[in-house]
Structures are given as structure tokens and as C-alpha cells.
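To start, the structure under review is shown below, and the notes come after it.
The values are calculated or read from the model by the stated rules, or taken from the named source; none is laboratory data. Every value quoted in this text rests on a predicted model; they were computed, and no experiment measured them. Backbone-built Cβ (ideal geometry, glycine too); neighbour counts: all protein chains shown. Protein only, heavy atoms only, side chains kept; ligands, DNA and RNA dropped before computing areas. Shrake-Rupley method; radii C 1.70, N 1.55, O 1.52, S 1.80 Å.
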Amino acid sequence: MASIFKGDINLKIISKGGKNMSEIYDVVIIGQGPAGLAAGIYASRARLKTLMIEKEKAGGQIVTTAEVANYPGSIENATGPSLVARMVDQAKEFGAEGVLDTILDVELEGEIKVLKGEKGEYRAKSVIIATGANPRPIGCPGEKELTGRGVSYCATCDAAFFEDMEVYVVGGGDTAVEEGLYLTKFARKVTIIHRRDELRAAKSIQEKAFENEKMHFMWDSVVEEIKGDGIVESMVVKNVKTGELTEIVADEEDGTFGIFVFIGFIPATKLFEGKVDMENGYIITDEDMKTNIPGVFAAGDVRVKSLRQVVTATADGAIAAVQAGKYIDALEGKEYGK
Ligand code: NAP
């Protein structure tokens, strides 16, 4: 996309942290998934001084998705990372700044909001919370120790390690089944371990899974323990109906197998506990993305909503940015857009 701006605006890059502390931004966006990036695009395009803060790298959950088939306008074989890369470029083109930092504390009540990060302190007239949600762990012994050593929460990232091996996918929702199907392109056998005897995933996704010869299913089962010395070597699975325990041991030649966990998400809202109104850990907003605190908005998977998809996250981000602009205009006694 051609930028409407000329000169140094196009040269702004995502910096590694430590912004000018005296600067007061119009909008600071916490989180650079699709919701935060859409907010960044809309806010910077409206010529609001915009900073996007991200703790590791842009993208959020969508970068763990191999195929983005249902985002309107997705091109054939569009991947999560490629979609996010285009969003980042777009936000930068419009002049949004980016910084890598982890926010540790927030003061949201005053007219100037203060965000305290590991590398710096950021001040803004408005804040958009777009921190998203993180994968839910199984919570069984061995899971934490063997994460990155056979246990994974991202098929796109780790599928290639299991070329022609066996993998197990825990969960029965859309994510588990879609990612399981993706894993069949690498693994010789993919077994879905689900705690009930029917999948939660959409029927269209289920049909593809049942038709795929590489897909197998362990019903009414939960993972009780993951074992291994530095790498996954076996796992104990319990049948929830009979109570029977089965130990699945790695094929001798392979020495290991993959365990991909897709059992839902936990909202990343710890930072805002006791500060912003929430329900079951998700931030409550109205349809304008306003939270209970003036000048503080929330967008994307982090908020209470009925559909958590890229398309709804980006829509939230756009609304939040426009409303942040209106809020700032009102604060400064200006008519909207003047
Ligand atoms: P989800 O729909 O919440 O499904 C989570 C799955 O994990 C369920 O099958 C659940 O079992 C199981 N589960 C939850 N806690 C568990 C535990 N402690 N132990 C074992 N199993 C557990 O999550 P998701 O699949 O990540 O999807 C999240 C949202 O994104 C959904 O709204 C989904 O529709 C959407 N999504 C859409 C697409 C698409 O449209 N292409 C793709 C991916 C995700 P039960 O079924 O027994 O509850």
C-alpha cells in the first residue's frame, strides 16, 4: 500500500524499547495482535500520535496459525504470520511507532495514563488494551519441564520437528482439529486426545478430520502426566469413564513424539485486575470498546465477546481507535475531527 505520508515517517521502525519518557502519546496500545495492529492502523491514520507496545514479537495467537481461511479477503494459502506482517507494515506506513517492552504496572485513572515497563515508562491520553489471550496448559506433571522438548502450543512453529513421527493433539475444539489436520502434513500419525466422545469443532472441520487417514482419536481421555529425560518419552493418559490409565511410550526408533496442546485460552489481564472491570478474567466493554475507566478501551480476545476471531479482533481495534480519537477531542474541547 502506498503511504500518504512522506519523509521520515516511513522510516520509523519497531524499536527495542526505551522511548522518550517525556513524550505524551495520544494513544498507547498494549499488544500487537490483530486487534492492536488494527487499532494502530486506524489511530495513526487519524494522525493520532500512536505507540504500540509488544513484549516479544508482533502477532499474538494468529502467528501460530498455519492457515487463515476465513478472514475476508485472505488469499489462498494465507498464513497467520504473513497476514500479521502485512498489518505491521501498514501500521508503520501510517506512522505508528512500536516498542518491545513488558508492561509491569499501569496507572489508568488520571487524564494522563502511565504505563510502567521493564525498559521505560510510557504516558498517554488514552490506552487501548489488546493483550489477547494465551494458550491454556493441561496443568499435569511434566508439561512445563518438557515444553519446547516435545510439548508445544504451536503447530506452525514446531510441526517440522515431527516429520514422519507420531504426534498427539490434546483438545477437541476448532483449533485442536484444524491444527491436527495441519500436522498430518508432517507427522505419520496424528491422534486427537479429547476428554469427551464427540468433538466441539465445527462440523465442516470435523468432516475433514474424519476423512483424513492419518487422523486417529482417543475419546474420553485426559493426559495425566508427561515423562521424559530432557525430551518427551512417554505420557500417561486416563480414560475418564473407566478410570483406566494407559502409558503411551515413544516408538523405539523415533525416541520421542509430539504433544500439541490446544485446549482453549486464558485472557492476559493480570495487569488490570482490580483496575478495570472484568467478567471471568475478560475485560468488560460497551460496543464502543469503552471500559469502565474514561480513556481506557479494550479490543480483541481480551474482552467479553461472543466470537473471538481475527475479523472481530480487527473490527474491535478499529472501533477502539476511533473512540480514543473522539475521547481525546472531547478532552481537549475540540469538535470531533477538527
Ligand atoms: P475452545 O473452542 O474453547 O475448545 C477447547 C477444547 O479444549 C474443547 O474441546 C474442550 O473440551 C477442551 N478442553 C478445555 N479445557 C480442557 C482441559 N482442561 N483438558 C482437556 N481438554 C480441555 O478453544 P479453541 O478450539 O482454541 O477455539 C477458541 C475460539 O476460536 C472458538 O470460538 C473457536 O470457534 C475459534 N476458532 C475458530 C476457527 C475457525 O473458524 N476456523 C479456528 C480456530 C479457533 P470440551 O469440548 O469438552 O469443552
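How much accessible surface does K290 have with a 1.4 Å probe, in Å² rounded to 10?
K290 exposes around 80 Å² with every protein chain in place.
Put +1 on the Cβ of each Lys and Arg and -1 on the Cβ of each Asp and Glu in the chain; which of N239, A155, I75 then has its Cα farthest toward the positive end of the dipole?
Working it through, the farthest residue towards the positive pole turns out to be I75.
Going down the table (K92/K144; K305/K334; K49/K144; K144/K270; K203/K238), which pairs top 30 Å between alpha carbons?
K92/K144; K305/K334; K49/K144
Sorting I24, I248 by accessible area (1.4 Å probe), largest first, what list results?
I24, I248
Check each of the GluC sites (Glu not before Pro) in region 33-77 and keep only those in coil by DSSP with at most 10 other C-beta atoms within 10 angstrom; list them in order.
E56, E76
Hey, what number do you get for the chain at 222 nm if only DSSP H runs of n ≥ 4 count, each worth -39500 (n - 2.57), divided across all residues, to the nearest 500?
Only helices count here, giving -6500 deg cm²/dmol.
Go through 176-183, 215-222 and give me the packing order, highest mean Cβ count within 10 Å leading.
Most protected by this proxy first, the peptides run 176-183, 215-222.
Which cysteines in the chain lack any other cysteine whose Cβ sits under 4.7 Å from their own Cβ?
C140
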